[in-house]
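The values are calculated or read from the model by the stated rules, or taken from the named source; none is laboratory data. Quick caveat: nothing in here was measured; it's all calculated off a predicted structure. Note that we place each Cβ from the backbone using ideal geometry, even for glycine, and neighbour counts take in every protein chain shown.
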Amino acid sequence: MKGPSCTGGPFVIPEFQHDDVVAAIREFADGLKQIVGVVGDGMRTDYFNPAWTAYTGLELEQSLGLGWQLALHPAELPLVESRFAAHAAHGLPYAISYRLRSADDEYKIFSGVMFPLRDGSGAITRWIGLVDEADIAERANDRFKILADAMPLLVWATDRDDRLT
């Protein structure tokens, strides 16, 4: 059985080549703990999963369109806009980090990825973003460093290639 060919053309997710893309994403994303959003023209959001409202405390109606900017740290908006514009021009997925305000009015760092969704002709119809709190990994790393510094033994960490980290 021959697999799909890689011709260098646009990356197309077959499941999302239909008119009701937001419904398909909603069915998948509503149960995730990570924040998922669907972004259309002009960075206007037309879907967030429940993790968004749970974290930000914003009502869905407040968040749609450009309302998501209410939760974004004001200093991060130029970065988010420029990264989106640069990658939208080429239609390439990208990673990004930024601060989001919680319902408790505390900003935390979130990291995630944005992927273009294409129609059957390869044209970008929307972008799907998935972000998660970056502070969790950073706090775990900080705790490890504190523990390692306090131990009377030599402790080190390496990556998969046995390089010291």
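Side notes on the structure shown:
- Residues within region 100-132 that are of a type in the set (D, E, K, R) and free of Cβ contacts under 8 Å to residues at least 60 places away in the same chain, tallied: 5
- Cβ-Cβ under 8 Å pairs, at least 6 apart or on other chains, region 49-76 side touching a residue at least 12 places away in the same chain (Cβ under 8 Å) and of a type in the set (D, E, K, R), far side crowded, with 18+ Cβ neighbours inside 10 Å and outside any loop (DSSP other than H, G, I, E, B): 76/98
- When residues in region 84-114 are screened for being touching a Pro at 6+ places or on another chain (Cβ under 8 Å), surrounded by fewer than 17 Cβ atoms within 10 Å (Cβ to Cβ) and in a strand (DSSP E or B), 1 of them pass.
- The set of residues in region 96-111 being of a type outside the set (Ser, Thr, Tyr) and either closer than 18 Å to residue 75 by Cα or modelled with pLDDT under 90 (or both) consists of 96, 99, 100, 101, 105, 106, 108, 109, 110.
- Output for region 99-114, where each listed residue is farther than 18 Å from residue 42 by Cβ and either out of contact with any helix residue (DSSP H, G or I) (no Cβ under 8 Å at 6 or more places or on another chain) or not basic (Lys, Arg) (or both): 100, 102, 103, 104, 105, 106, 107, 109, 110, 111, 112, 113
- Leading residue by the ranking (modelled with the highest pLDDT) among those in region 1-60 that are among the β-branched types (Val, Ile, Thr) and assigned to a loop (DSSP other than H, G, I, E, B): 13
- Residue in region 153-161 that is at pLDDT 85 or above and either touching a Ser or Thr at 6+ places or on another chain (Cβ under 9 Å) or buried (at least 16 other Cβ atoms within 10 Å of the Cβ) (or both) present: no
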